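The values are calculated or read from the model by the stated rules, or taken from the named source; none is laboratory data. Source: prediction; values computed, not measured. Every residue, glycine among them, receives a Cβ derived from its backbone with ideal geometry; neighbour counts consider all protein chains shown. To get the accessible areas, we keep the full protein, side chains included, count just its heavy atoms, and leave off ligands, DNA and RNA. Shrake-Rupley method; radii C 1.70, N 1.55, O 1.52, S 1.80 Å.
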Amino acid sequence: MSKYLIAGGAGFIGSNLTKRLLTDGNEVTVIDNLLTSQKSNIKEFEDSPSFTFIDHDVTQPIPDDITA
């Protein structure tokens, strides 16, 4: 099992990549500010213990209190 971080993971491509990685047994953290994407794209993963969502704009520094 590997760990992946997907920036923009709530978009079309990111959500499909997330689905594939979770299906293959990996841990996935998605970071997205939902500006051009929708949280409904990743809703199906919310209950997975291998999935983490961080609502954050990647053009800004990631605060120290955000951990995944």
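Looking at the chain, the accessible area is 69 square angstrom per residue; that uses a 1.4 Å probe and ignores ligands, DNA and RNA. Over the C-alpha atoms of the chain, the Rg to Rh ratio, Rh being the Kirkwood estimate, stands at 0.94.
Working note: Karplus 6.51/-1.76/1.60 with θ = phi - 60° gives region 15-28 the couplings 5, 5, 5, 4, 4, 5, 5, 5, 4, 7, x, 8, 9, 10 Hz, where Gly and Pro are set to x.
Surface composition of the chain: carbon plus sulfur atoms contribute 50% of the solvent-accessible area (1.4 Å probe, protein chains only, all chains present). The GluC sites (Glu not before Pro) found in region 18-68 that occupy coil by DSSP, while having at most 12 further C-beta atoms within 10 Å, are Glu46.
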